[in-house]
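Each value in this text was obtained by applying a stated rule to the coordinates, not by laboratory testing. None of these values were measured; they are calculated from a predicted model. Cβ placement follows ideal geometry from the backbone for every residue including glycine, while neighbour counts extend to all protein chains displayed.
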Amino acid sequence: MDHSEYLAESMVAGGKMSAYKNHLIKNIEVIGQRKLAVIGGGAELELLNKTIDALRKKNVRVPETAFRICLRESEADPEKDIRFVDELKGKASAFYALILLPYTPVETTIAAMSGVVGTSQEAAQALKALGYTDRDFCEMNDPEGSGLKGTLGASKANGAINSEAKKCAGMESSTAAQLTQYKGKMGGQRCFILGKYSAKLDELNTILNERCIACNDFCDFFAKTPQRPSYFLLTDADSYLGNGKYIEGMECFINGNIKVFEDKFKKKPTYINHLGNGLVEGLPSFRSVLDQWETARLLTVYEMIQTALYMGFSEIYIYGFDGLFTLEYDGSGTGRFPAEGKVPGFPAKARELLEKVKAYAESHNVRIFNMCDTDGLSMFEHAAFADVDFTSSSIFGRI
């Protein structure tokens, strides 16, 4: 279920407005004469504004909202009254903060799956680091604090996620025999995991002579070169639109929730359950990676690495992922611009996931190399493009 669809659900909207009302009334005396600073936006901000308007019509003196606060420095926009959270440092006496970010496990999962960064708990941690106390902010999506122990909408959303997982598992089972044919078939060989973020066309034209796995918006390169990766992972339905002619000609692995025209594929695609256990026993499940925003962004990379491990490649090179994360994140989920000339690293939990991948690879005599400059991949042995020997490349790109 998409995060925007979840918030549009009538039971969710009604439950949130009731919770927001209870939170505001409960804290009205604590807020006092302070103005409100709201952390969050979108549909939840609209629901908050409706709640405030409704309370004011009943003569409840809700303070004015001064501005919105964001946890990512790149989202700050003074002209739209969106300030970066650091501006609240030392200002608890003037601004009371209302946090609208996901709080419950089901909301956190839905938000992470939709690319929403940050949780209510992380925002609270960020505020405390700036001098705020528990009396200076309120986590508006905390159902316990509002006197609501949950909503039918949240229950329905959890059911929707489980239903999608069941559907994906069914799709994966439908091509299980085909998937098994890939297991261990590439022992003793190497492959390249390709990202588009920092890839260079001249380098790609060399790398694509090797066995490669690419995904999603890597399709942007296909109009610039006749060469194609050996395998393609489709996890984003939008990438199929307009790129079907390219994708259908390749050997594909596809997330089970994506609909494609199977009859147009050169070879029937193999389905993967992105809400399931994954392909490699002993590594964290795909579902656990999707549950948190820090690792959800890494899912496609993780799926490609797992695919390479499942196929038995002895050497795996990771290329083109500088820029996967555009900010440096601290322990409270706050994202700041990196120092000039520095490539942003990965959040701590993303690095923890990759450390587990490294440990698994080493225990199975697989070497993983990092061809990127970001220290987010520094747990792997670094290999610059110029240092990789391509003289024996034997796989040629396909038109």
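Loop-resident GluC sites (Glu not before Pro) (DSSP state other than H, G, I, E or B) in the stretch 323-375 with no more than 15 further Cβ atoms inside 10 Å of their Cβ: 340.
For residue 67, the amide hydrogen comes within under 5 Å of the amide hydrogens of 38, counting only partners 5 or more places away or on other chains and with H modelled in the peptide plane. Counting only whole DSSP H helices of the chain, the ones at least 15 Å long by C-alpha along their axis and with mean Kyte-Doolittle hydropathy no lower than -0.5 are 10-31, 42-57, 152-174, 299-311. Working ranking of peptides 72-81, 373-382, 214-223 by packing, defined as the average number of other Cβ atoms within 10 Å per residue, highest first, is 214-223, 373-382, 72-81.
Averaging the sequence gap over all C-alpha pairs within less than 8 Å and six or more residues apart, then dividing by the number of residues, gives the chain a relative contact order of 17 percent. Near the amide H of residue 212, within less than 5 Å, lie the amide hydrogens of 192, 230, 231, all on another chain or at least 5 residues away, with H placed in the peptide plane. Extending 7 Å from Cα along the Cβ direction at residue 128 and again at residue 49 yields two label points whose distance is 3.2 nm. Think of each Lys and Arg Cβ as +1 and each Asp and Glu Cβ as -1; about the Cα centre, that makes the dipole of the chain roughly 940 debye. Rounded, prolate or oblate, given the Cα gyration tensor of the stretch 175-387, with a/c below 1.5 counting as rounded? Verdict is rounded for the stretch 175-387. For the chain, modelled as a GNM whose springs connect Cα atoms under 10 angstrom apart, the maximal fluctuation among 246, 103, 310 occurs at 246. You can think of it this way: the chain between residue 11 and residue 378 has 127.6 nm of extra reach, that is 0.36 nm per residue less the Cα-Cα gap. Cα centroids of the stretch 88-113 and the stretch 9-36: 13 Å apart. Computing semi-axes √(5λ) of the Cα gyration tensor in Å for the structure here picks out one of (i) 32, 26, 20; (ii) 35, 21, 21; (iii) 44, 24, 18, namely (iii). Take the Cα of residue 82, step 7 Å toward its Cβ, do the same at residue 385, and the gap between the two points is 3.3 nm. The distance linking the stretch 306-324 with the stretch 344-377 is 10 Å (Cα centroid to Cα centroid, whole angstrom).
For a label point 7 angstrom out from the Cα of residue 315 toward its Cβ, which stretches of the stretch 358-372 have the backbone nitrogen within less than 11 Å? Only 367-369 pass the distance filter.
In a reduced charge model with +1 at each Lys and Arg Cβ and -1 at each Asp and Glu Cβ, the stretch 175-387 shows a dipole moment near 700 debye about its Cα centre.
Subtracting the Cα-Cα distance from 0.36 nm times the residue separation, let me have the gained length for residue 73 to residue 162 in nm, one decimal.
Length difference between fully extended and current span is 28.6 nm.
Here the stretch 175-387 carries DSSP beta bridges of which approximately 10% are antiparallel, counting only pairs with both residues inside.
Working from label points 7 Å from Cα in the Cα-to-Cβ sense, the residue 91 to residue 393 distance is 5.3 nm. A dipole drawn for the chain from +1 and -1 charges on Cβ atoms has a positive end, and of 333, 178, 304 the residue lying farthest that way is 178. Residues of the stretch 366-390 with backbone nitrogen within less than 12 Å of a virtual label 7 Å along the Cα-to-Cβ line of residue 206, please, listed as ranges. Flagged as within label range: 384-390.
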